[in-house]
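Written out below as structure tokens is the structure these notes cover.
Only the coordinates and a few stated rules stand behind these numbers; no lab work does. Since this is a predicted model, take the numbers as computed values, not measurements. For neighbour counting, all protein chains shown are included, and Cβ atoms are generated from backbone atoms with ideal geometry for every residue, glycine included.
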Amino acid sequence: MALVTQPKSYQYWAAIAATPADFTLDAGDYGLTIATLTGTSVQLFKLMPDGTTVAPVSAVISVAAYSLYTLPAGQYRIVLNAVTVFTATIEKVNVGRR
């Protein structure tokens, strides 16, 4: 029986205070909604194929906000810097392309 890979188009963090585990996303347009951010900042990174090197995807974010990104498929990491409460969602969105 073949392993069926589910689409990876959504990630949610609820009231966390430490950098969460890396996650995988399919290629596409994503909305990053930061609902709660108490502390210094967060930043979204893409992991390179070596699994160690990272490249920033977003600017440093220091307030609750919504941002739109076009992302290639791959592994991602959201890094929290001196954050005590972080609640956010990254989800695939339809930006109306034809």
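Descriptive notes on the structure:
- For the range 8-46, a residue qualifies if it is under 12 Å from the mean Cα position of the chain (by Cα), among the aliphatic types (A, V, I, L, M) and surrounded by 14 or more Cβ atoms within 10 Å (Cβ to Cβ), and the qualifying residues are Leu25, Leu32, Ile34, Val42, Leu44.
- Residue match in the range 70-80 (condition: loosely packed, with under 14 Cβ neighbours inside 10 Å, farther than 24 Å from Ala15 by Cα, hydroxyl-bearing (Ser, Thr, Tyr) and in contact with a strand residue (DSSP E or B) (Cβ under 6 Å, 6 or more places away or on another chain)): yes
- Restricted to strands (runs of 3 or more DSSP E) entirely inside the range 13-98, those with at least 1 residues that are among the small types (Gly, Ala, Ser) and either at positive phi or out of contact with any Leu (no Cβ under 6 Å at 6 or more places or on another chain) (or both) are 28-47, 54-56, 65-71, 74-92.
- Of all residues assigned to the range 47-57, none qualifies as being surrounded by 11 or more Cβ atoms within 10 Å (Cβ to Cβ) and among the polar types (S, T, N, Q).
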